[in-house]
1. Run down 47, 40 and say which single residue is surrounded by 14 or more Cβ atoms within 10 Å (Cβ to Cβ), part of a helix (DSSP H, G or I), of a type in the set (Lys, Arg) and on the phi < 0 side of the Ramachandran plot.
2. How about the stretch 66-92: which of its residues are outside any helix (DSSP H, G or I) and either closer than 30 Å to residue 23 by Cβ or hydrophobic (A, V, I, L, M, F, W, C) (or both)?
3. If you check residue 75 against the conditions, is it within 17 Å of the chain's Cα centre (by Cα) and surrounded by 13 or more Cβ atoms within 10 Å (Cβ to Cβ)?
4. Which residues, counting only those in the stretch 50-65, are acidic (Asp, Glu) and in a helix (DSSP H, G or I)?
5. For residue 5, all conditions in the list (1) surrounded by 10 or more Cβ atoms within 10 Å (Cβ to Cβ); (2) among the hydrophobic types (A, V, I, L, M, F, W, C); (3) in a helix (DSSP H, G or I) hold save one; what is the number of the exception?
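Only the coordinates and a few stated rules stand behind these numbers; no lab work does. This one's a predicted model, so the numbers in the text were calculated from it and none came from an experiment. When we count neighbours, we look across all protein chains shown, and the Cβ atoms used for this are built from the backbone with ideal geometry, even at glycine.
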Amino acid sequence: MQTDIASFQILDDYAKKMRDAENEDHEGKRKAEALWPIMRISHARSRYVYELYYKREAISRELYDWLLKEGYADAKYAVSVLYFNWWLTLNP
């Protein structure tokens with residue numbers, strides 16, 4: 001239970017960082033440059049959720065599925081990491 005509470009506090013911190021990045025002034029920046037901080041935060045949040053479930057085994061499958069469904073993490077990220085790890089086992 002403590003892990004779940006601490007995990008949601010970290011996810012809340014990511015949400016605050018995301019709001020700040022979205023509200024940041026984008027004048028004078030190219031469109032791609034304006035999106036970099038948002039993509040970086042999204043990637044970090046997805047990696048955090050992935051590691052909670054697959055690496056640390058700190059959350060249940062139901063919670064992991066709910067986090068994906070609610071947009072706390074990107075399911076495509078998890079699939080790409082799993083595929084990459086599988087590929088590494090075949091090609092040492």
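1. 47
2. Answer for the stretch 66-92, where residues must be outside any helix (DSSP H, G or I) and either closer than 30 Å to residue 23 by Cβ or hydrophobic (A, V, I, L, M, F, W, C) (or both): 70, 71, 72, 73, 74.
3. Yes.
4. Result: 51, 62, 65.
5. So residue 5 meets the others, but not (1).
Residue-by-condition table, conditions (1) of a type outside the set (S, T, N, Q); (2) loosely packed, with under 12 Cβ neighbours inside 10 Å; (3) free of Cβ contacts under 8 Å to residues at least 40 places away in the same chain:
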residue: 12; (1), (2), (3): yes, yes, yes
residue: 19; (1), (2), (3): yes, yes, yes
residue: 22; (1), (2), (3): yes, no, yes
residue: 27; (1), (2), (3): yes, yes, yes
residue: 30; (1), (2), (3): yes, yes, yes
residue: 52; (1), (2), (3): yes, no, no
residue: 58; (1), (2), (3): yes, no, no
residue: 62; (1), (2), (3): yes, yes, yes
